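Below is one structure, written out as structure tokens, with a few remarks after it.
The values are calculated or read from the model by the stated rules, or taken from the named source; none is laboratory data. Since the structure is predicted, the reported quantities are computational estimates derived from the model, not experimental observations. We place every Cβ from the backbone using ideal geometry, glycine too, and count neighbours over all the protein chains shown.
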């Protein structure tokens, strides 16, 4: 039963003020219950509990921390269909998508359990003492990574499970040994409460200090800014708009002790349709492109918003097939009235741009908050001349740019800001052209794909869901996949420590069985 | 022969304006030649060359990049005694110290050559395709770290070799595959030019693009701010004052594309003199403490500025022995008139504080810019009440705080900002007390030492020379040791790439012989 309360450590606390409710975007109707706003005292209490839990939680053994992550996965699964139904009502997303997203969310927690057990993230290193070295002896030096401290996580609107209360930021922060204070996204409060209560029960069942997890509700910006300003918060995870992410970056930088903000923000995800591929299978690519563009009403960070192609019969075939697929596509309910309005505004601006031609639109909307998908096109000079054409339009809108040659593509890409993904459609005869482009692609994006579509983001060891600014606020990181744990760690060196005080990760005898660098050489001794 | 020119790629370029000269701090006399100021056009040219060199340099093979770092080490050694003599004249530092620093500098370049050859920094990961996985197949995903781009390095005043033109920031950035543009510290321009010319010759001899290394001279702040603002600069390395570091952080954050700044800034390096150790060897510790405090006129980031101890016979013995050693110590020439003036100002403020008692001073100065070492003391309440007592006084000044018990120490440390080091002097009987303190120590510092002095910083695999803010602007990093390379890398994922386009690090067959994670399992296949 949903109560509309914030979850602060082991307690459930009714918020203050007028509060807010979830809204079913398909009907526009408000949903029960009402969610109060977490007060300054609530935020303070959540941060105090997180800080109080930190020293103990970060030193939990690999096995017990991994077991906790697995218990969280089980507890989320155990919510059962109530979770899927509430998420459907709050997001307008269809059942199969949300069932898949739940599987992704619990799979992610289990992946991080495996990462914790494997232990390479601890980066354990031992440089043995050299008492007889000349001119000076060398001390015994041992390094491990430790958790940075309590982490504030902001739920994202577009993945009510996988990038929300127990999503990638939470899973990777908990795996690193950081307590987490989540600000629920106000677009799916009921879904958040359900998952939050599952997390709360996993903390309790695992015998961990209650402050390891808290969940706060609030509709405005104040909760988030108070949370990021709290001196006990050591890092921030966020997925959302560039404006929202940069606001948090500025708050974090202005603190007496600045802290890192990992904001995944804005990307238009170029797709390079190389001539060989267009010639061979332009038609098939057109269909695939529309599938990727319109999936989930286009509400993905990796939505293919910028196809680049050279004129020719292959492009004609691509466009004809894309037009056919797109025009047949039914409009889809978007996540919130606000997201729908922003989408419509972005589409209207492109449609009104004299240098932009509307290639094809999807079917006319018939219900509330339904986004009508659209493909625009322009030429490379117009694109390069008008920086507004690079703005992300969040939703199923894409702008194809006609290029004269690979040189045009290269110049356009070189001029672009950082991206989460860049996709190549190519055949073997395109290899030399792609090889010329590759250095630019590597500099501009966190993930490069060949002959696929960017909208699937695998949760695995080698995934990068990140990229140079403004794709993320910190291009050295990923928010999806095993490497996401590194965002919440910092190295500590122990010099000439007595054995009794050394942490297990760097003890002689290697009690955790870790891969460690001994004098620079990796091994398992 | 020194010419006073900036080194821009392969060229030597005379600067503009009134320029500046090195000054011998021991005599106050100016040294030849005159150094002009690098112009905006010079900075632009250095950045353009660095950017032009980047794509090629970052893809050099491990062997060729390592050989280049070793060639740089050899070229610096080959300068011979001219380097030591010039550095002595410009810094006031004695010959043995500078010979040791040169050994450290070339050893550091060689360590990074080994790191490049070993290749774990590339973090190579392969998740194999699972075409038959249900409900969705998995793509082939491969991850490696690539260099972030050209790096701006600021030479530090206090290590004219090891934290300067070819110091730790330069060595780690070059090892990562980043071209470097150095701003020479105006306190040692001749030393900088000599090392810069050695670097220039190593670039040439290694057949690398000239933009891999440039060295710019300038006396004011404008060169640095223009350099950090340049859109082709992707990261910044800095060692110096908190004020200077934070100025660069702000410039970097205000860019259209913000970039990371790795500034190693401010630390007072607490030393916990535990009761058991004081009782057993207070006298010996007093001597050792003064040795560490006064070495190099105390001009180390890790200078022991905050001893903490409990009253008692052991502390009396420590203070008596420290007083004897300190009062016998001759004053030492400081690096620059500015550093001497700042030191004197800091000491005068402490001496004038009614809550601070002067325990002992070193001998009176007899020459220009000589710092007189000093040990102050205060009680824990006064220390906690007056935040000015936590300011770093760069030089051989230290403030001992008398604590009543371990609880006092813990409360004081908990209230302190981040530190590069915290040192423990302890005996076995202190173990339980130290165990209570350890979580705080780990949260507050990058390196923890037992029964040693913090002023030696080993260049090795397990070293951390970093720490929470304001010790550094980015507490997730170290500026010394092998892990320093990570500051200049970002991950890129290659999805379903054809073999012909995959970088060697993640090719089948493992041509570089790297340790790689295959489906999350570390191995050398």
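Among the residues in the range A:397-412, are any modelled with pLDDT of 95 or more, closer than 25 Å to residue A:326 by Cβ and assigned to a loop (DSSP other than H, G, I, E, B)?
The answer is no; no qualifying residue exists.
Given (1) in contact with a strand residue (DSSP E or B) (Cβ under 9 Å, 6 or more places away or on another chain); (2) at pLDDT 95 or above, where does residue B:16 come up short, assuming only one miss?
The one condition residue B:16 does not meet is (2).
Test residue B:278 against the stated conditions and say whether it is closer than 30 Å to residue B:426 by Cβ, in contact with a strand residue (DSSP E or B) (Cβ under 8 Å, 6 or more places away or on another chain) and either part of a strand (DSSP E or B) or modelled with pLDDT under 95 (or both).
Working: closer than 30 Å to residue B:426 by Cβ: yes; in contact with a strand residue (DSSP E or B) (Cβ under 8 Å, 6 or more places away or on another chain): yes; either part of a strand (DSSP E or B) or modelled with pLDDT under 95 (or both): no.
Here the answer is no, as residue B:278 does not meet what is asked.
Does residue A:378 fit the bill of being over 21 Å from residue B:490 (Cβ atoms) and either modelled with pLDDT of 95 or more or within 14 Å of chain B (Cβ to nearest Cβ) (or both)?
So residue A:378 fits the description; yes.
From the list A:113, A:175, A:152, A:87, which one is part of a strand (DSSP E or B), crowded, with 20+ Cβ neighbours inside 10 Å, away from every other protein chain (no Cβ under 11 Å) and touching a residue at least 40 places away in the same chain (Cβ under 8 Å)?
A:152
Of the residues in the range A:68-84, how many are assigned to a helix (DSSP H, G or I) and either free of Cβ contacts under 8 Å to residues at least 12 places away in the same chain or within 17 Å of residue A:168 (Cα to Cα) (or both)?
The number of residues fulfilling the criteria is 11.
Please work out which one of (1) crowded, with 24+ Cβ neighbours inside 10 Å; (2) within 14 Å of another protein chain (Cβ to nearest Cβ) is the condition residue B:213 fails and give its number.
Among (1) crowded, with 24+ Cβ neighbours inside 10 Å; (2) within 14 Å of another protein chain (Cβ to nearest Cβ), residue B:213 violates only (2).
Has the range A:196-208 got any residue that is touching a residue at least 24 places away in the same chain (Cβ under 8 Å), more than 14 Å from chain B (Cβ to nearest Cβ) and closer than 22 Å to residue B:442 by Cβ?
Scanning the range A:196-208, I find at least one residue that is touching a residue at least 24 places away in the same chain (Cβ under 8 Å), more than 14 Å from chain B (Cβ to nearest Cβ) and closer than 22 Å to residue B:442 by Cβ, so the answer is yes.
Quick grid of which residues meet (1) assigned to a strand (DSSP E or B); (2) under 25 Å from the mean Cα position of the chain (by Cα):
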site: A:3; (1), (2): no, no
site: A:12; (1), (2): yes, no
site: A:27; (1), (2): no, no
site: A:44; (1), (2): no, no
site: A:47; (1), (2): no, yes
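Could you go through the range A:132-147 and let me know if any residue there is out of contact with any helix residue (DSSP H, G or I) (no Cβ under 8 Å at 6 or more places or on another chain), over 28 Å from residue A:494 (Cα atoms), part of a loop (DSSP other than H, G, I, E, B) and more than 10 Å from chain B (Cβ to nearest Cβ).
no
Quickly run through the range A:251-275 and pick out the residues that are part of a helix (DSSP H, G or I) and in contact with a helix residue (DSSP H, G or I) (Cβ under 7 Å, 6 or more places away or on another chain).
A:251, A:252, A:253, A:275, listed by residue number.
Are any of the residues in the range A:76-85 at pLDDT 95 or above, more than 30 Å from residue A:368 (Cβ to Cβ) and touching a helix residue (DSSP H, G or I) at 6+ places or on another chain (Cβ under 6 Å)?
There is at least one residue in the range A:76-85 that is at pLDDT 95 or above, more than 30 Å from residue A:368 (Cβ to Cβ) and touching a helix residue (DSSP H, G or I) at 6+ places or on another chain (Cβ under 6 Å).
For the range B:223-247, which residues satisfy the criterion of being more than 18 Å from the chain's Cα centre (by Cα), without any contact (Cβ under 8 Å) to a residue 40 or more places away in the chain and over 24 Å from residue A:467 (Cα atoms)?
The answer is B:225, and nothing else.
Given (1) part of a loop (DSSP other than H, G, I, E, B); (2) on the phi < 0 side of the Ramachandran plot; (3) surrounded by fewer than 24 Cβ atoms within 10 Å (Cβ to Cβ), identify the lone condition not met by residue A:163.
(3)
Residue A:429 versus (1) closer than 27 Å to residue A:280 by Cα; (2) surrounded by 24 or more Cβ atoms within 10 Å (Cβ to Cβ); (3) in contact with a helix residue (DSSP H, G or I) (Cβ under 7 Å, 6 or more places away or on another chain): which is the lone unmet condition?
The single condition residue A:429 does not satisfy is (2).
Looking only at the range B:463-517, count every residue that is within 16 Å of residue B:421 (Cβ to Cβ) and more than 15 Å from the chain's Cα centre (by Cα) and tell me the total.
Residues that pass the stated criteria total 0.
How many residues, within the range B:281-298, are at negative phi and modelled with pLDDT under 95?
Qualifying residue count, the range B:281-298: 1.
Could you say whether any residue in the range B:119-126 is closer than 25 Å to residue B:501 by Cβ, away from chain A (no Cβ under 12 Å) and either surrounded by 23 or more Cβ atoms within 10 Å (Cβ to Cβ) or at pLDDT 95 or above (or both)? Explain how you work it out, then say what you get.
Keep residues of the range B:119-126 that are closer than 25 Å to residue B:501 by Cβ, which gives B:119-126.
Of the ones still in play, those that are also away from chain A (no Cβ under 12 Å) are B:122.
Now narrow it down to the ones that are either surrounded by 23 or more Cβ atoms within 10 Å (Cβ to Cβ) or at pLDDT 95 or above (or both): B:122.
For the range B:119-126, residues closer than 25 Å to residue B:501 by Cβ, away from chain A (no Cβ under 12 Å) and either surrounded by 23 or more Cβ atoms within 10 Å (Cβ to Cβ) or at pLDDT 95 or above (or both): present.
Examine the range A:93-109 for a residue that is crowded, with 24+ Cβ neighbours inside 10 Å, within 14 Å of chain B (Cβ to nearest Cβ) and over 20 Å from residue A:336 (Cβ atoms), and state whether such a residue exists.
Yes: one or more hits.
Kindly indicate which of B:4, B:9, B:19, B:15 is surrounded by 16 or more Cβ atoms within 10 Å (Cβ to Cβ), over 26 Å from residue B:162 (Cβ atoms) and in contact (Cβ under 8 Å) with a residue 40 or more places away in the chain.
Being surrounded by 16 or more Cβ atoms within 10 Å (Cβ to Cβ), over 26 Å from residue B:162 (Cβ atoms) and in contact (Cβ under 8 Å) with a residue 40 or more places away in the chain holds for just one of B:4, B:9, B:19, B:15, which is B:19.
Report, by residue number, each residue of the range A:221-235 that is outside any helix (DSSP H, G or I) and closer than 11 Å to residue A:183 by Cα.
A:221
With respect to the numbered conditions (1) part of a loop (DSSP other than H, G, I, E, B); (2) farther than 30 Å from residue A:34 by Cβ; (3) away from chain B (no Cβ under 13 Å); (4) in contact (Cβ under 8 Å) with a residue 24 or more places away in the chain, which one is the sole condition not fulfilled by residue A:185?
The single condition residue A:185 does not satisfy is (2).
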